[in-house]
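Asks: Structure in structure tokens, see below.
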Amino acid sequence: PSHFIPYVKGYRLHSLPITYMIALTPSHYSIYYATSSIDRTIKLWSDNFYLISTINNQRTHSNCIAHYKSVYILSVEGICIFAYEISTHIIKYVFRIHTDEIYHILLIEDKFISCGKDRKICLWDINPENVVRYYKGHNGPVRKVVKVFKERNLASISDDRKVFIWEFKETKPISYID
């Protein structure tokens, strides 16, 4: 597919290596992809990879990005998550509860989950900027959280070499794989 080609129309997507890429739900902004790079930018692209706009005001490079209802780009920058409004590129919300690097974010319904090196898994409500629930159980950094079983459950992987299965509304794991 064309979205895996590192050069598009004779130019690079970013001036430095790309750290993350997501496909967006088409919206009235006609944005289909977002990429982040260690050049400290997030670029928004059309389906043919024409550059639509660039978000330049990042403090550090994003190691993970996501989109929220095609209104916000969520950018993980160190221990913070910034919600950039797509139409204005202005930071609308800042989410900070992690004490060490955040590894991953996942959108679920009208909320999102973050996980990271500090072993925390947090369920966030985007407005207001608060943590709805903590999922506790891992003894090592949590690398990723994914949806399973038609989004009713979550699975998390960690450096403790365990996979935990969580019921979305419960804070303790319902099972694990060792």
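Each value in this text was obtained by applying a stated rule to the coordinates, not by laboratory testing. Remember, predicted model here, so these are calculated numbers, not experimental data.
Asks: Output wanted: per-residue J couplings in Hz (rounded whole) for the stretch 136-149, from phi through Karplus 6.51 cos²θ - 1.76 cosθ + 1.60, θ = phi - 60°, x for Gly and Pro.
Replies: 10, x, 6, 9, x, x, 8, 7, 7, 10, 10, 7, 9, 6
Asks: Short version: ³J(HN,Hα) in whole Hz for each residue of the stretch 110-126, in order, from phi by Karplus 6.51 cos²θ - 1.76 cosθ + 1.60 (θ = phi - 60°), x for Gly and Pro, what are they?
Replies: Coupling constants for the stretch 110-126: 9, 10, 9, 10, 10, 8, x, 5, 7, 6, 8, 10, 10, 9, 10, 9, 5 Hz.
Asks: Check S158: other-chain or 5+ apart residues with amide H under 5 Å from its amide H, H built from backbone geometry?
Replies: Distant-sequence amide H within range of S158: R143.
Asks: Also, quick follow-up: Relative contact order of the stretch 118-178: what whole-number percent is it, with Cα pairs under 8 angstrom and at least 6 residues apart?
Replies: Reported relative contact order: 25 percent.
Asks: Additional query: May I ask which of K92/K162; K43/K136; K92/K172; K43/K147; K43/K162 have a Cα-Cα span longer than 29 Å here?
Replies: Flagged as over cut-off: K92/K162; K43/K136; K92/K172; K43/K162.
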